[in-house]
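To start, the structure under review is shown below, and the notes come after it.
FYI, it's all coordinate maths here, none of it is from the lab. Quick caveat: nothing in here was measured; it's all calculated off a predicted structure. Positions of Cβ are backbone-derived with ideal geometry, glycine not excepted, and every protein chain shown enters the neighbour counts.
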Amino acid sequence: MDPIPQNQQTSLIDRLVQACGGSYSPEVRRRYFITGPQWAPSYEGQAVFHAPVRAPITFEKVMEEYAKVGVGYWCTHDTDVIPTNDLFTPRQEEIVNRIKSSLQKNGLKCSMVTTETFHHPVWAGGPAAESPDVREYAKRRLANTVAIGHELEAQFCVYWPGMLGYYIPGAVDETQTLRWFADGLNAACETDIEIAKNKNRPTLKHCMEAKPFEPQGEILLPTSDAMLAFIFSGLLKHPDMVGLNPEYLHELMWGGEPRAALARALVCGKLFHFDINDGYRLKHDVDIAIGLVNPLDWLNVLVLLRSHNYNGPFNLDYKPPRTTSNYGVWAVSVPTMVDRFITLWEMAGEAISDPIIKEATDALKAGGAGADPRDVNSVVNANKELLSLHELIAHRLFQILIGAHRGRTYSL
């Protein structure tokens with residue numbers, strides 16, 4: 001093949017995307033509670049070791065492109081769209097009004113807002129630092145984000161306390177830091193109750209998002225399980241308002257199983273929101289798009305969520321690769337990720353209703369005949385053949401994933 005001229009490269013991308021097939025229309029995509037964050041497509045590829053590779057993009061452009069793809073919901077950090085120095089000023093109101101106009105123009109809704117408590121130098125010691133001034137500012141920021149959420153008619157507010165921790169052991173009192181962090185959440189919830197009452201709106205669902213590694217050397221609430229313990233610790237004045245926003249990769253990073261973490265949140269009634277992406281165990285936060293690394297695990301995750309009637313948002317918390325251009329973000333990254341999610345979601349429905357999986361699962365639940373619970377050897381012998389069905393179920397899930405249950409085979 002000859003080198004591709006620059007003016008022919010986007011048309012090549014478009015042609016190959018169409019040749020892939022399997023895409024859904026924007027109308028179909030909008031049927032799902034898929035939320036598009038401002039920060040994902042506007043990520044320029046920068047990091048500690050990475051210079052930007054893409055040009056900046058405005059929230060108006062992000063909303064316009066999400067609408068074209070068929071993503072019906074948009075969400076943001078406060079400072080993704082409002083410069084830090086413009087918060088609490090008339091300029092904030094101007095920007096919020098522009099956001100409202102852009103949402104309406106593109107037929108989108110704001111699903112969630114979150115506060116940036118990790119990037120600005122004020123958070124060098126975290127949002128629950130020793131300084132009372134920092135903590136008071138953090139409370140103002142959290143309460144302000146709640147107010148913005150109500151202005152935009154959001155349903156959720158997310159908290160990622162990545163700076164809640166320390167670099168050097170012994171530098172902070174962990175128990176006191178957790179109490180101070182609870183004070184901030186309490187202020188946000190109480191602000192929410194007051195605004196919701198005045199606006200005759202429901203209160204927001206406040207969702208905590210865990211991450212095991214970085215940016216701090218040690219994180220005080222590194223996993224969803226740690227956050228569940230915090231919610232039920234007695235430190236929160238309104239624990240009924242606070243739940244979880246697990247992220248798939250954040251649970252995977254520390255060697256855990258995301259499906260198991262989601263199950264524990266479901267059992268506690270605290271699975272409010274879910275950030276979807278992909279990546280690798282025991283490595284850094286690459287935020288690859290859903291299904292490109294662990295598609296079979298993703299099928300299992302969605303089987304669990306469909307089985308338990310999860311109806312919250314699926315938030316596209318990913319980073320387009322640094323190899324992807326601004327054009328490629330909207331031509332490849334966003335639409336293909338949405339389509340993989342929809343396909344895996346529908347596959348999960350097939351798995352739930354699959355007669356082979358159902359019969360195998362029912363047989364395991366029924367157990368073997370002739371067991372005497374008073375005789376351990378009797379119990380073993382009655383059930384040992386049935387346990388082979390575990391592997392059979394896994395094989396059947398793989399068949400559903402690759403389409404073999406519909407007759408896909410290879411002629412060899």
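A few points about this structure:
- Extent along the principal axes, Cα only, for the range 355-406: 44, 15, 9 Å, with the longest axis given first.
- The range 125-174: chymotrypsin sites (Phe, Trp or Tyr not before Pro) in DSSP loop, at most 12 other beta carbons within 10 Å: TYR167
- Computed over neighbours whose Cβ is under 11 Å from that of GLY165, the net charge equals -2, Lys and Arg +1, Asp and Glu -1.
- For the range 1-87, the square roots a ≥ b ≥ c of the C-alpha gyration tensor eigenvalues yield an a/c of 1.5 or more together with a/b not exceeding b/c, which makes the shape oblate.
- Qualifying lysines (Cα of each under 27 Å from Cα of LYS384; at least 8 residues distant if same chain): LYS358, LYS365
- Global geometry of the chain, whether rounded, prolate or oblate, following the gyration tensor of its Cα atoms and the 1.5 cut on a/c: oblate
- With helices as the sole contributors, the chain gives -14500 deg cm²/dmol at 222 nm; each DSSP H run of n ≥ 4 counts as -39500 (n - 2.57), and the sum is divided by every residue.
- Label sites at LEU292 and LYS61, each approximated as a point 7 angstrom past Cα along Cα to Cβ, lie 2.0 nm apart.
- Simple Cβ-charge dipole of the range 22-84, Lys/Arg +1 and Asp/Glu -1, about Cα centre, in debye nearest 20: 280 debye
- Across the alpha-carbon atoms of the range 296-412, the computed radius of gyration and Dmax are 20.0, 67 angstrom.
- In this simple spin-label model, placing a label point 7 Å from the Cα along the Cα-to-Cβ direction at both GLN399 and LYS105 gives a separation of 5.3 nm.
- Under 20 Å of direct C-alpha separation, and excluding same-chain neighbours fewer than eight residues apart, LYS100 reaches these aspartates and glutamates: GLU60, GLU64, GLU65, ASP78, ASP80, ASP86, GLU151, GLU153, ASP192.
- Each of GLY126, ILE290, PRO90 was placed along the dipole of the chain (beta-carbon charges, centred on the mean Cα), and the one lying farthest toward the positive end is ILE290.
- If a spin label sat at a point 7 angstrom from the Cα of ARG281 along the line to its beta carbon, the backbone N atoms of the range 216-241 nearer than 20 Å would be those of 222-226.
- The longest part of the chain holding none of the exposed loop GluC sites (Glu not before Pro), meaning those outside H, G, I, E and B in DSSP with at most 13 other Cβ atoms within 10 Å, is 154-384.
- Theoretical FRET efficiency, 1/(1+(r/R0)^6), r = Cβ-Cβ of ARG179 and ASP80, R0 30 Å, to 0.05: 0.55
- Ignoring lysines fewer than eight residues from LYS319 along the same chain, the ones with Cα atoms less than 20 angstrom from its Cα are LYS61, LYS68, LYS211, LYS283.
- Full extension of the chain between PHE33 and LEU16 gives 3.3 nm of extra length, using 0.36 nm per residue less the Cα-Cα distance.
- In the range 355-406, a dipole from Cβ-located charges (positive for Lys and Arg, negative for Asp and Glu) runs towards its positive end, and of SER388, ILE400, PRO355 it is ILE400 whose Cα lies farthest in that direction.
- Given the chain, longest segment not containing exposed loop trypsin sites (Lys or Arg not before Pro) (DSSP; at most 10 other Cβ within 10 Å): 1-373
- Reducing the range 202-231 and the range 245-307 to their Cα centroids gives an inter-centroid distance of 15 Å.
- A Cβ-based charge dipole, computed about the Cα centre of the chain with Lys and Arg at +1 and Asp and Glu at -1, lands at about 860 debye.
- Coil-residue chymotrypsin sites (Phe, Trp or Tyr not before Pro) of the range 282-354, DSSP, other Cβ within 10 Å capped at 12: none
- Measuring between alpha carbons in the structure, the pairs from LYS139/LYS270; LYS205/LYS270; LYS109/LYS199 lying more than 20 angstrom apart are LYS139/LYS270.
- Low-density loop cleavage sites - chymotrypsin sites (Phe, Trp or Tyr not before Pro) in the range 55-101, where at most 15 other Cβ are within 10 Å (DSSP): PHE88
- Structural descriptor for the range 355-406: relative contact order 35 percent, calculated from alpha carbon pairs under 8 angstrom and at least 6 residues apart.
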